[in-house]
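Visitor: Here you go, one structure.
The values are calculated or read from the model by the stated rules, or taken from the named source; none is laboratory data. These figures come from a predicted structure and were not determined experimentally. So basically every Cβ, Gly included, is an ideal-geometry build from the backbone, and we count neighbours across all protein chains shown. What goes into the accessible areas is simple: the full protein's heavy atoms, side chains included, and nothing from ligands, DNA or RNA. Shrake-Rupley method; radii C 1.70, N 1.55, O 1.52, S 1.80 Å.
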Amino acid sequence: MSTELGLAPEDDAEKPISPPANKDDSKPTIGSPEWLDFMTDRSERGDAHAHFSLGHYHFERKEYTEAIEYFNRADKKENIQATYQLAVMYYDGLGVAENQCEGLQYMKAVAETKNKKYLHLVPSAQYNVGQAYFQGFGISQSYDEAVRWWTLAADAVDQEDTGCIKAQNALGMIFSRNDTLDLKQALHWHQMAAENGHLESMAALGQMYVNGHGCEVDKPEGIKWLKEASSRGCLYATGLLSREYFTSKLYSRAVENALKICDLDKEAAIRLQEQFIPHLVYRGIATACFVLARCLQLGQGIEKSDEKAKQYFDKVSCVNTIYSIKLLCA
């Protein structure tokens, strides 16, 4: 399960309610004494929306003990958005002792809801349940169950839903693994996720077309997807793009792309790419460093310098030790 979603995806029906306007027609600010008095009064009278609004308020302020109290009250009133929040909080131990099993049960309740009012939460919940099975957190690890839950999320009616797109990417990734390899399925799901804007899937799709994995080799299509992902800030795609330009002997373009990212250190790169899988970020930088080092060594696309080439060859190993062996031995 991933808690990177923070608060549950919102829907108009579940946005924190507001008290009546002031005498001057201005609306009380969320968290103001007037707002808190109004919400507290509504909550004490058993209003589920007020319970959720106060939980929402305290959660954003990292006041987790207070937040979980109000979310528990809302959950007992069958407020499914509060149930989602309880799943996140139990899973990560926010305001309560960490209990991944309990968190997963709450998330499954959201994933299986038939309440039309809360159907917008279902794909994200299904994605998180699949993630729990994939990682073996809160339940026995099962790739089959992970695929089943991710497929439910990936086939959501709203293809722009965050949970749906993450599930499509996850399916693309799991079918690219050696132990669950199915390149045609991987291509299908990465294509879906890429067309819905997922940058990692754009990069993966580009690489698959370039190398003919799960499809016929189609370098123009592959380069198109790598360029799109790179232009949106995907470091992994930028590294792959620099390599493709190098192998095509377009050295100036290879150098131009490599220089965009090869001087980033690992910590700075992760800060820039918090939403990405770290080893892919490192692989992108390592690839760019290798390409730049080779261009410096050959004097292609940049002035020849064995000294600078050695610096970037050394950085390949520093950024990604295992991947560097493959690059340096190629």
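Visitor: With a 1.4 Å probe and every protein chain left in place, tell me how much accessible area Met89 has, in Å² to the nearest 10.
Guide: Roughly 0 Å² of Met89 is accessible to a 1.4 Å probe.
Visitor: Between Lys117 and Glu78, what is 0.36 nm times their sequence separation minus the Cα-Cα distance? Round to one decimal in nm.
Guide: 12.9 nm
Visitor: For the chain, what does the helix formula give at 222 nm: sum of -39500 (n - 2.57) over DSSP H segments with n ≥ 4, over the residue count, nearest 500 deg cm²/dmol?
Guide: -20500 deg cm²/dmol
Visitor: If you don't mind, there's one more thing I want to ask. Please go through the residue pairs Lys77/Lys116; Lys184/Lys249; Lys184/Lys227 and name each one whose alpha carbons sit more than 18 Å apart in this structure.
Guide: Flagged as over cut-off: Lys184/Lys249; Lys184/Lys227.
Visitor: Here's something else I'd like to know. Where does the Debye-calculated log10 I(q)/I(0) of region 192-330 sit at q = 0.10, 0.12, 0.14 Å⁻¹, using only Cα point scatterers of equal weight, no solvent?
Guide: -0.30, -0.43, -0.59
Visitor: So for the chain, averaging the separation of alpha carbon pairs under 8 Å that are six or more residues apart and normalising by length, what relative contact order in percent results?
Guide: Averaging sequence separation for qualifying contacts and normalising by length gives 8 percent for the chain.
Visitor: What per residue convex hull volume, in Å³, do the alpha-carbon atoms of the chain yield?
Guide: Residue-normalised Cα hull volume stands at 167 Å³.
Visitor: Can you tell me how region 261-313 classifies by the Cα gyration tensor, rounded, prolate or oblate, using a/c under 1.5 as the rounded cut? Let's see the in-between values first.
Guide: Values: a/c = 3.25, a/b = 2.77, b/c = 1.17.
Note, shape of region 261-313 comes out prolate.
Visitor: Now, a different point. Residues of region 95-124 with the amide nitrogen closer than 17 Å to a label point 7 Å from the Cα of Ser140, along Cα-to-Cβ, please.
Guide: Residues 101 qualify, since their backbone N sits under 17 Å from the label point.
Visitor: Among Ala109, Ser201, Ala153, pick out the residue whose Cα is farthest towards the positive end of the charge dipole of the chain, where Lys and Arg carry +1 and Asp and Glu carry -1 on C-beta, about the Cα centre.
Guide: Result: Ser201, furthest along the dipole toward the positive end.
Visitor: Build a GNM of the chain with springs between Cα atoms under 10 Å: which of Ser53, Ser32, Ser305 gets the top mean-square fluctuation?
Guide: In this elastic network of the chain, the residue with the biggest mean-square fluctuation among Ser53, Ser32, Ser305 is Ser32.
Visitor: Please tell me the relative contact order of region 190-275 in percent, rounded to the nearest whole number, where contacts are Cα pairs under 8 Å and at least six residues apart.
Guide: So the answer I get is 19 percent.
Visitor: So which of Lys166/Lys315; Lys224/Lys310; Lys166/Lys310; Lys266/Lys304; Lys166/Lys224 end up more than 28 Å apart, counting from Cα to Cα?
Guide: Result: Lys166/Lys315; Lys224/Lys310; Lys166/Lys310 exceed 28 Å.
Visitor: Keeping all protein chains in place, calculate the accessible area per residue for the chain (probe 1.4 angstrom), answer in Å². Kindly include the intermediate steps, with their values, before the conclusion.
Guide: Numbers: 16230 Å² over 330 residues.
Here the residues of the chain average 49 Å² of exposed surface.
Visitor: If you average the C-alpha positions of region 97-174 and of region 31-64 separately, how far apart do those two centres end up, in angstrom?
Guide: 28
Visitor: With +1 assigned to the C-beta of every Lys and Arg and -1 to the C-beta of every Asp and Glu, and no other charges, what is the dipole magnitude of region 35-150 about the Cα centre in debye, to the nearest 20?
Guide: Magnitude of the dipole: close to 420 debye.
Visitor: To continue, here is another question. With the full set of protein chains in place, find how many percent of the accessible area of the chain is carbon and sulfur; take the probe as 1.4 Å. Before the final figure, lay out each step's value.
Guide: Working: 8000 of 16230 Å².
It is 49 percent, rounded to a whole number.
Visitor: Taking every alpha carbon pair in region 120-244, what does the distance histogram look like in 10 angstrom bins from 0, in percent?
Guide: The calculated distribution, bin by bin, is 16, 42, 32, 11, 0.
Visitor: Please state, to two decimals, what the Cα-based radius of gyration of region 54-146 comes to when divided by 2.2 N^0.38 Å (N = residues).
Guide: Ratio of Rg to 2.2 N^0.38 Å for region 54-146: 1.05.
Visitor: What residue among Leu292, Leu54, Leu264 has the largest mean-square fluctuation in a Gaussian network model of the chain, using Cα springs under 10 Å?
Guide: Leu264
Visitor: Express in % the proportion of alpha carbon pairs of region 110-177 at distances exceeding 14 Å.
Guide: The share of Cα pairs beyond 14 Å in region 110-177 comes to 52 percent.
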